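The values are calculated or read from the model by the stated rules, or taken from the named source; none is laboratory data. None of the values given here were measured: they were computed from a predicted structure. Counting neighbours? That spans all protein chains shown, and the Cβs are built from the backbone with ideal geometry, glycine included.
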Amino acid sequence: MDLSSIRKLITRYCTGEESWVDSRTVYIGHKEPPPGTEAYIPQRFPDNRIVSSKYTFWNFIPKNLFEQFRRIANFYFLIIFLVQLIIDTPTSPTTSGLPLFFVITVTAIKQGYEDWIRHKADNAINQCPVHVIQHGKVVRKQSQKLRVGDIVQVKENETFPCDLILLSTSREDGTCFVTTASLDGESSHKTYYAVQDTKAFNTAEEVDTLHATIECEQPQPDLYKFVGRINIYLDRDEPIARPLGSENLLLRGATLKNTEYIHAVAIYTGMETKMALNYQSKSQKRSAVEKSMNAYLIVYLCILISKALINTVLKYAWQANPNRDEPWYNQKTETERQRHVLIRAFTDFLAFMVLFNYIIPVSMYVTVEMQKFLGSYFILWDDDMFDEELGEGPLVNTSDLNEELGQVEYVFTDKTGTLTENNMELRECCVDGHVYVPHAVCNGQILPGAAGMDMIDSSPGVDGKEREELFFRALCLCHTVQVKEEETVDGIKRGIHQGKSTSFYISSSPDEVALVEGMNRLGFTYLRLKDSHMEILNREDEMERFELLEVLNFDSVRRRMSVIVRSSSGEYYLFCKGADSSIFPRVVSGKVEQVRARVEHNAVEGLRTLCVAYKKLTHEEYEETCRLLNSAKLALHERDKKLAEAYDVIEKDFILLGATAVEDRLQDKAADTIESLHKAGMKVWVLTGDKMETAAATCYASRLFHRNTQILELTTKRTEEQSLHDVLFDLSRTVLRQHGSMTRDTFSGLSGDCQDYGLIIDGATLSAVLKPTQEGTSNGGNYKEIFLEICRNCSAVLCCRMAPLQKAQIVKLIKASKEHPITLAIGDGANDVSMILEAHVGIGIMGKEGRQAARNSDYAITKFKHLKKMLLVHGHYYYIRIAELVQYFFYKNVCFIFPQFLYQFFCGFSQQPLYDTAYLTLYNISFTSLPILLYSLMEQHINIDILKRDPTLYRDIAKNSLLRWPTFIYWTFLGIFDAVVFFFGAFFLFDNTTFTSNGQLMATNTQMMFGNWTFGTLVFTILVFTVTLKLALDTHYWTWINHFVIWGSLLFYVIFSLLWGGIIWPFLNYQRMYYVFMQMLSSGPAWLSIILLIIVSLLPDVVKKVLCRALWPTTTERIQRMRADRIFERVETNIHDSLLDGVQNTTEA
Amino acid sequence: MMASSYNAKDEDAVGSGGPGAVKSKKPDNTAFKQQRLPAWQPILTAGTVLPAFFMIGLIFIPIGIGLLVTSNNIKEFEIDYTGVDMFSPCFNCSQNYSWNSTSACTCSVPFTLDQPFESNVFMYYGLSNFYQNHRRYVKSRDDSQLNGDKSSLLNPSKECEPYRTSDKKSIAPCGAIANSLFNDTLELFYIHPNGSRITIHLVKTGIAWWTDKHVKFRNPGGNNNLSIVFQETSKPVNWHKAVYELDPSDPENNGFINEDFIVWMRTAALPTFRKLYRIIQKKKDNMTPTLPPGNYSLEVTYNYPVRSFDGRKRMILSTISWMGGKNPFLGIAYITVGSVCFFLGVVLLIIHHKYGNRNNNADIPN
């Protein structure tokens, strides 16, 4: 596939501009068109093979290795390893080679396994049989052999093997039903249409005689866009041209439903199908912790290089005296002597690098990855976040961002389906100011006539009655709802009659379902669409049939949709429903004022309102409309624009009928969650496409805005009165004045309480704000900055009337502002995907609007309320865990390597390692790895319940507070201090005196000498114990696992050392560790100094901890303290009997 | 062991997750998965740390005092016999030194002990500025050769370069460490007040690690006559005699298992070091001290050059105690740490009383 596309590119560029084609021509059934029409340009298309695997059997090893070593860390370790192999280095290559080999192998096996699964899946797809029509016969073919231009037959419940243009179906009207559940998650059936002129060709033989070409655009990933044209050559010379749109295009991956078979022609195959083009991997998101980790790594790399440089320079300064360089007892070999001094210096530098390279350990990456991967299971396992209703728990699509959940500063949330249930119900409709409430009407049964209707105004007259029925009919007709046929036609009829229609209406928009269901309760039942006729059952149970002529689909720009129908009496109607802002300007008559008042009233209540209007068309007007639409639809270029223009012309001069109000209830505990997020110091922004009043009402209901919140408006309404410039400056002045007074107030401890600001901005104003100013001279210059300044000081922001792309724009804007805050976007619909992908953390809600958001998110949850636990508990834990993990890893390796650095000053800068090879290798792999891993999985500094109850604790870790530079420097200095203690403690014991064992345990009762390996082992023993005990001091949550791992690790070290020194190892060429550990342990002073030095190393950290806790406690520490006190008190009171006191205590709590 | 424990935990998790997953997607409600394992949750506050600090103080100070007293009771005498000074007895020897000289240069260093040395006395030689811990030096040995391996005897490890072969014969023992074996001979005489010199008996066995002597170092087997075993090999270039002539009088202390040699082969950690040379065993009668106070003479056969690298050679006499040799550092360190802990304890106590209560009071309304 790669090759062919490259070839195509080459041919395109080589042959020059004119042969560049941005459309392709497909010859149906590979038949050439009649001569003379157009030159036959054979185009090459890829075959229908889907390749999702990355490797083949042959290139796996080289390609995988290449991929792995592209990671900078792996590459660094590889270089170290190679240096060790090439030059004479102090440590054997195994010390770095073994861990690296282990990491690489494990990763390779994992990736290989994943790829193998992909291969299997690919093969299964590529080899599944497809029915192709050749020479009038149905032939079975493997899916991968399908070619562009083949005519394919697909049967019911089969998946489409590639992107197809529908030619004909088994249904007479040339429609078929398709579900795209596996593509975008919408399980509803969508209707696709065959080309009108080919729908008659519905047997294999007939289709084979079809002579036509299709011109269409080159493949592009947008699932919902397609532009093309079919030229059908009938008997005449002049071909018939018909437009093709996305309603003719069957996408690979979708499934045929409720249709016996279809015939269609392949136009995009293999990797060019829209599904494959949508495969592209999401851009990798990196967490703030990872960024700090990388910064630390660079610091450590600098430390490493400077250490090596210092030692190299000192070495040569020291060796200037030849008696030091080469004393008589320690001569160099001849080859060494002859080497050039620069080469020697460089080799020495590399050798020092190798000696100190453990300061950046391979194992840190492995541990961090494992921590993230294993840690993410706690989200999956969480019982509280499991949704009984859906039977699903949260999903973790990436574990890289676990800790980012604890760092969120801005939450961008969608409204519909996220804050609200997206469970729509028609609350009322208003026809010319008369209000009907279907709830009052319908309690199980439909009451005939208008008698049951709750009319607020006086009952309408005859004219009113007519208008009312027209209104209901309009709602019954103006929609894209489908009726799901589950049983026989009779069954459905019965179902609807019994009022159990709920399960039968399906639509991509829940509002429409709510409206049609509401109409059902008001007496007008939509039955089905049959042969382009919509059938309605009216109040008198009479069937009314309307011919559906045109559907002007809904889009988010127009915010309305229309249908053109012809009634049985031959009248043409255009019904339109849409947002009030898009209907009112187009209305010429009707009771606009009453309806507008009602709409506004409903919007404030938090209801979703739609206005309904109609106009009658004469036959001529209809013809004109058709012409307009068809010419727009036929256009190959800019079809969308032309269509929009056509719609604009058609949808005007309406007569207003009325309005509907649909209620979308708030999700369970949404308000509580928002309040918690606020308390946790997060700013919550609501981004919605809804209108301002509705959205604001939801915001009040969800306690995003409080009663005392001062609302700042930045809307089109205001900018019409004043210039944008003035409005912005006004607002910023208000906010800044407030801010100034607030800083004064903070001293008196009244911060935050004084005044809350909430900002409301709409899409149009936002784009005006974000538009780069043309004249750079204007003093206000950058509105963006002012806008951000205002937003910073508002606790809540509501952005309404947002287009999907604008949502992402907002997120991007905040991300790029100068504090670089961490953003989180949460949403449930396809329109939230862009924002979910843009934000640092994207959370999808598995809601009703399909799974697209959940699939593109980093984490998916079932309900908005789960966000609270996700952030406040899991995020908090992950953050403190990984922060400790990262800091501790650097700390323990400073402790490990710094003594080696110091030792160089006492061994003539000869790169003599302090520790034995086994210790060098195993220190990070086994002696100190598990305690920190388990700590970073299990640690809970505060209980889950307290974290949930007290969201302010989240502020304690805000702004990456545990990984700031001061903390990092503290840990590094602590490491250096400890290293100095280990080294010089041991040093003085060896240097000043005879550090000896009296050999009591040995058979001979003598006094023996210790050498350099004992020295190293002593330092190493103190090191392992100190480092492990330091972690023990940091652990607040001691489960049996922690006990097991911490004490187990120490025990393992001791046992290993005894074993390692206990035997003459036959495969080693040195026996330097033989009995070293045992001899050391048999010496009293060794024990005494180990205990002493461990205590000295730990002392400063303990003192620092205790002092900080006593003098400047953080909220976290106060709570820990309170909890401890309370337990203590409870114990006391229990002893003292009084049960009453206990009750009081708990109620206080 | 660690690995297995980890696996066990994993398996447990998988095992309990397996059947649950079959029934429904609902996760099991185990304490582990819900992060609600019972746990001990200690916090480090002044209150909890205080007793520990006082305890450490109370334990460490006595230990420190004990260590210091013991250390002070240990008698140690050190004398530098390098001969840097014009007037020192070994000056001539140190000046005239060359490897090739066949005649040994001897010098005698007189010294006086003020106090009696009781019990066993240990005699050390000390070297300064001698980098036994240089990397090139440390690795320049062949442990399998020293362990009696025949093939290594004739074909020593590459690490021994440039002390691997001489005259096309392999060197045994090879390497820089062995080559630079300390070869001064030290003898001790007590100058009786009546003027007679009494030789002090120096025991030369029992100075190396038992395991080194019996396991790690072994003569190549096959023949009791070491000169035949080492026939094919050459002596290290700087040695005056072959390895099988190190102690001809005692076959258990000859060849690779010569204890002086073993002690030397254990490379020192720091450039200034001392190594055990001889043991002066206490007298049988227990009445007279091992080394009574008085005048002594140290007779040195001066073979070992150190002047070229500004080295020093010393002879040390020392008694030992339960805690080893003279070691004031450990005692002082213990006393210091103990006092610091005690002091910190007091400071924390004050802080605890002053701030701990205030914080608590401030918390309660919260």
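Is it the case, given these coordinates, that residue B:172 is away from every other protein chain (no Cβ under 14 Å), out of contact with any strand residue (DSSP E or B) (no Cβ under 7 Å at 6 or more places or on another chain), surrounded by 18 or more Cβ atoms within 10 Å (Cβ to Cβ) and in contact (Cβ under 8 Å) with a residue 24 or more places away in the chain?
It is true that residue B:172 is away from every other protein chain (no Cβ under 14 Å), out of contact with any strand residue (DSSP E or B) (no Cβ under 7 Å at 6 or more places or on another chain), surrounded by 18 or more Cβ atoms within 10 Å (Cβ to Cβ) and in contact (Cβ under 8 Å) with a residue 24 or more places away in the chain.
Pairs needed: first member in region A:358-384, more than 14 Å from every other protein chain (Cβ to nearest Cβ); second member anywhere, of a type in the set (Lys, Arg) and surrounded by fewer than 19 Cβ atoms within 10 Å (Cβ to Cβ); C-beta distance under 9 Å; at least 6 residues apart or different chains.
Every condition considered, the pairs that remain are A:365/A:71.
Hey, among the residues in region B:183-208 that are within 10 Å of chain A (Cβ to nearest Cβ) and either among the β-branched types (Val, Ile, Thr) or out of contact with any Ser or Thr (no Cβ under 9 Å at 6 or more places or on another chain) (or both), which one's farthest from residue B:152 (Cα to Cα)?
For region B:183-208, the residue satisfying everything is B:203.
Answer yes or no: is there a residue in region B:154-166 that is within 11 Å of chain A (Cβ to nearest Cβ), among the aromatic types (Phe, Trp, Tyr), in contact (Cβ under 8 Å) with a residue 12 or more places away in the chain and in a helix (DSSP H, G or I).
The answer is no, given that none of the residues of region B:154-166 is within 11 Å of chain A (Cβ to nearest Cβ), among the aromatic types (Phe, Trp, Tyr), in contact (Cβ under 8 Å) with a residue 12 or more places away in the chain and in a helix (DSSP H, G or I).
Would you pick out the residues in region A:371-381 that are surrounded by 16 or more Cβ atoms within 10 Å (Cβ to Cβ) and of a type outside the set (Val, Ile, Thr)?
A:371, A:372, A:374, A:375, A:376, A:377, A:378, A:380, A:381
Just one of A:923, A:970, A:954 is away from chain B (no Cβ under 12 Å), buried (at least 17 other Cβ atoms within 10 Å of the Cβ), under 27 Å from residue A:1026 (Cα atoms) and at pLDDT 90 or above; which is it?
On inspection, the qualifying residue turns out to be A:923.
Condition (residue is at pLDDT 90 or above, of a type in the set (Gly, Ala, Ser) and either within 16 Å of residue B:230 (Cα to Cα) or within 19 Å of the chain's Cα centre (by Cα) (or both)) applied to region B:151-165: is it met by at least one residue?
Checking region B:151-165: not a single residue is at pLDDT 90 or above, of a type in the set (Gly, Ala, Ser) and either within 16 Å of residue B:230 (Cα to Cα) or within 19 Å of the chain's Cα centre (by Cα) (or both).
Spot the failing condition for residue A:1020; the list is (1) of a type in the set (Phe, Trp, Tyr); (2) touching a helix residue (DSSP H, G or I) at 6+ places or on another chain (Cβ under 8 Å); (3) more than 9 Å from chain B (Cβ to nearest Cβ); (4) surrounded by fewer than 23 Cβ atoms within 10 Å (Cβ to Cβ), and only one is missed.
Going through (1) of a type in the set (Phe, Trp, Tyr); (2) touching a helix residue (DSSP H, G or I) at 6+ places or on another chain (Cβ under 8 Å); (3) more than 9 Å from chain B (Cβ to nearest Cβ); (4) surrounded by fewer than 23 Cβ atoms within 10 Å (Cβ to Cβ) one by one, residue A:1020 breaks only (4).
Which fully enclosed strands (runs of 3 or more DSSP E) of region B:213-320 have 2 or more residues being under 30 Å from residue A:318 (Cβ atoms)?
Counting at least 2 such residues, we get B:273-280, B:312-319.
Give me the residue from region A:105-162 that is among the acidic types (Asp, Glu) and under 30 Å from residue A:363 (Cα atoms) and, out of that set, surrounded by the most Cβ atoms within 10 Å (Cβ to Cβ).
The selected residue is A:115.
Across region A:663-681, which residue is modelled with the lowest pLDDT among those that are among the acidic types (Asp, Glu) and not in a strand (DSSP E or B)?
Step by step, filter region A:663-681, then rank; the result is A:668.
Given the options A:824, A:914, name the one that is among the aliphatic types (A, V, I, L, M) and farther than 28 Å from residue A:370 by Cβ.
Testing whether each residue is among the aliphatic types (A, V, I, L, M) and farther than 28 Å from residue A:370 by Cβ leaves just A:914.
Within region A:159-177, track down each residue that is within 20 Å of residue A:134 (Cα to Cα) and assigned to a loop (DSSP other than H, G, I, E, B). So that I can check it myself, show each step before the final result.
Just the residues of region A:159-177 that are within 20 Å of residue A:134 (Cα to Cα), to begin with: A:160-170.
Residues satisfying the conditions are A:160, A:161, A:162, A:170.
Among the candidates B:324, B:345, B:311, single out the residue that is touching a helix residue (DSSP H, G or I) at 6+ places or on another chain (Cβ under 7 Å) and either more than 8 Å from chain A (Cβ to nearest Cβ) or at pLDDT 90 or above (or both). Please lay out each step first, then the result.
Values: B:324 fails: either more than 8 Å from chain A (Cβ to nearest Cβ) or at pLDDT 90 or above (or both); B:311 fails: touching a helix residue (DSSP H, G or I) at 6+ places or on another chain (Cβ under 7 Å).
Exactly one of B:324, B:345, B:311 is touching a helix residue (DSSP H, G or I) at 6+ places or on another chain (Cβ under 7 Å) and either more than 8 Å from chain A (Cβ to nearest Cβ) or at pLDDT 90 or above (or both), namely B:345.
When you look at residue A:330, is it out of contact with any Ser or Thr (no Cβ under 9 Å at 6 or more places or on another chain) and surrounded by 15 or more Cβ atoms within 10 Å (Cβ to Cβ), yes or no?
Working: out of contact with any Ser or Thr (no Cβ under 9 Å at 6 or more places or on another chain): no; surrounded by 15 or more Cβ atoms within 10 Å (Cβ to Cβ): yes.
Considered against the rule, which asks whether it is out of contact with any Ser or Thr (no Cβ under 9 Å at 6 or more places or on another chain) and surrounded by 15 or more Cβ atoms within 10 Å (Cβ to Cβ), residue A:330 comes out as no.
Taking the criterion of being outside any helix (DSSP H, G or I), surrounded by fewer than 19 Cβ atoms within 10 Å (Cβ to Cβ) and at pLDDT below 85, would at least one residue in region A:409-421 satisfy it?
Taking region A:409-421 as the starting set, the residues that turn out to be outside any helix (DSSP H, G or I) are A:409-414, A:420-421.
Then drop every residue that is not surrounded by fewer than 19 Cβ atoms within 10 Å (Cβ to Cβ), which leaves A:409.
With the extra rule that they be at pLDDT below 85, the set shrinks to none.
For region A:409-421, residues outside any helix (DSSP H, G or I), surrounded by fewer than 19 Cβ atoms within 10 Å (Cβ to Cβ) and at pLDDT below 85: absent.
Return a yes/no flag: does region B:276-284 have any residue that is under 24 Å from residue B:318 (Cβ atoms), surrounded by fewer than 20 Cβ atoms within 10 Å (Cβ to Cβ) and away from chain A (no Cβ under 13 Å).
Checking region B:276-284: at least one residue is under 24 Å from residue B:318 (Cβ atoms), surrounded by fewer than 20 Cβ atoms within 10 Å (Cβ to Cβ) and away from chain A (no Cβ under 13 Å).
Working carefully through the options B:71, B:94, find the one that is in contact with a Pro (Cβ under 6 Å, 6 or more places away or on another chain) and touching a residue at least 40 places away in the same chain (Cβ under 8 Å). Can you show your working first?
Details: B:94 fails: in contact with a Pro (Cβ under 6 Å, 6 or more places away or on another chain).
Just a single option satisfies the conditions, and that option is B:71.
How many of the residues making up region A:1054-1102 are of a type in the set (S, T, N, Q) and more than 9 Å from every other protein chain (Cβ to nearest Cβ)?
3
Go over the candidates A:741, A:723 one by one and state the one that is at pLDDT 70 or above, out of contact with any helix residue (DSSP H, G or I) (no Cβ under 9 Å at 6 or more places or on another chain) and either surrounded by 11 or more Cβ atoms within 10 Å (Cβ to Cβ) or under 22 Å from residue A:800 (Cβ atoms) (or both). Steps first, please.
Values: A:741 fails: at pLDDT 70 or above.
Going through A:741, A:723 in turn, just one is at pLDDT 70 or above, out of contact with any helix residue (DSSP H, G or I) (no Cβ under 9 Å at 6 or more places or on another chain) and either surrounded by 11 or more Cβ atoms within 10 Å (Cβ to Cβ) or under 22 Å from residue A:800 (Cβ atoms) (or both): A:723.
Among the candidates B:205, B:267, B:301, B:199, which residue alone is crowded, with 19+ Cβ neighbours inside 10 Å and of a type in the set (Ser, Thr, Tyr)?
Exactly one of B:205, B:267, B:301, B:199 is crowded, with 19+ Cβ neighbours inside 10 Å and of a type in the set (Ser, Thr, Tyr), namely B:267.
Within region B:115-133, identify whether any single residue is touching a Gly at 6+ places or on another chain (Cβ under 8 Å), more than 22 Å from residue A:331 (Cα to Cα), away from every other protein chain (no Cβ under 11 Å) and outside any strand (DSSP E or B), and answer yes or no.
So far as region B:115-133 goes, no, none of its residues is touching a Gly at 6+ places or on another chain (Cβ under 8 Å), more than 22 Å from residue A:331 (Cα to Cα), away from every other protein chain (no Cβ under 11 Å) and outside any strand (DSSP E or B).
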